């Protein structure tokens, strides 16, 4: 009973506190955007996009994209409730689901949002990994919604890496953050099952090439 009470209190307090602190933190950072041309190209097509990014990077990406009219897919787990509320505090709509629980239903919900004109965000390596390995959900969504996928990666001069499975990273105050857009990926409509793996590998390669390019700025092969 006590643990349930503390959990409910933390759900009310923690997301709001994190958003407030992050607004102060990121105000001290210098943010440089690379290859904005890819985002502009998709903007000229006047269609929603799917932002695809690695799990380690989700917190800053949520903050960076907070002004977009977006919807994000969040794990249906108990811990995912914190991320769900954090995303909503940053002006995102959310759908709940993962590869192991409610994933198909979540994809259908994302399609409905995108048909209303919203951009979507999906963590490419899912809520449980393995890290830096693309799962098929974004490929299926792109095909069914007939929208492009835009890879996104960031690197940072100074950051804290946590001991989670993905190595979740948080920029430190007064650091430089480099945000990269990658080459968009168009997935055929009504994609056949045997084609999904082909496009999954293409997206994984684009994200990892971008990841290596981003961290090479700071003499690193990985974060």
I'd like the per residue volume of the convex hull spanned by the Cα atoms of the stretch 75-205, given in cubic angstrom. 126 Å³
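Cut-off is 10 Å between beta-carbons; in what order do 211, 218, 63 appear when sorted fewest neighbours first? All intermediate terms of the calculation are to be shown ahead of the outcome.
Values: 211 24, 218 14, 63 17.
Least to most surrounded, the residues fall as 218, 63, 211.
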Among rounded, prolate and oblate, which fits the stretch 1-113 when a ≥ b ≥ c are the square roots of the eigenvalues of its C-alpha gyration tensor, a/c under 1.5 means rounded, and a/b larger than b/c means prolate? oblate
Please find, in a Gaussian network model of the chain (springs between Cα atoms separated by less than 10 Å), the residue of 123, 14, 140 whose mean-square fluctuation is greatest. 14
Which part of the stretch 169-202 falls in the paramagnetic zone of residue 66, meaning amide N under 19 Å from the point 7 Å along Cα-to-beta-carbon? 169-180
Say we join alpha carbon atoms closer than 10 Å with springs in a Gaussian network model of the chain; which of 106, 193, 142 then has the biggest fluctuation? 193
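Calculated FRET efficiency, residue 202 and residue 146, Cβ-Cβ r, R0 22 Å, to nearest 0.05?
0.80
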proj_area_mean for the stretch 148-223 (convex hull on C-alpha atoms), units nm², value 6.0 nm²
What helix-only [θ] at 222 nm does the chain give? Using -39500 (n - 2.57) per DSSP H run of at least 4, over all residues, to the nearest 500, the answer is -14500 deg cm²/dmol
What fraction of the DSSP beta bridges in the stretch 2-216 is antiparallel, stated in percent and rounded to the nearest 5? 30 percent
Between residue 8 and residue 164, how high is the FRET efficiency from 1/(1 + (r/R0)^6) when r is the Cβ-Cβ distance and R₀ = 22 Å? Nearest 0.05. 0.40
Under a GNM of the chain (C-alpha, springs under 10 Å), which listed residue has the highest mean-square fluctuation: 107, 49, 24? 24
Neighbour-count order for 156, 29, fewest beta carbons within 10 angstrom listed first: 29, 156
Starting from the Kirkwood Rh over alpha-carbon pairs, what translational D in µm² s⁻¹ does the chain have by Stokes-Einstein at 25 °C and 0.890 mPa s? 137 µm²/s
Cβ density ranking, 10 Å radius, fewest first, applied to 73, 152, 172 yields 172, 152, 73
For the residue 37, residue 115 Cβ pair and Förster radius 22 Å, calculated FRET efficiency rounded to 0.05 is 0.25
Take every Cα pair under 8 Å in the stretch 2-216 that's 6+ residues apart, average their separations, divide by the length, and report that relative contact order as a whole percent. 27 percent
So for the stretch 35-81, what percent of the C-alpha to C-alpha distances run longer than 16 Å? 51 percent
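Any read-out appearing in this document is the output of simple, stated calculations on the displayed coordinates, not a laboratory observation. Remember, it's a predicted structure, so these values are computed and weren't measured experimentally. Please note: Cβ atoms are built from the backbone with ideal geometry, for glycine as well, and neighbour counts cover all protein chains shown.
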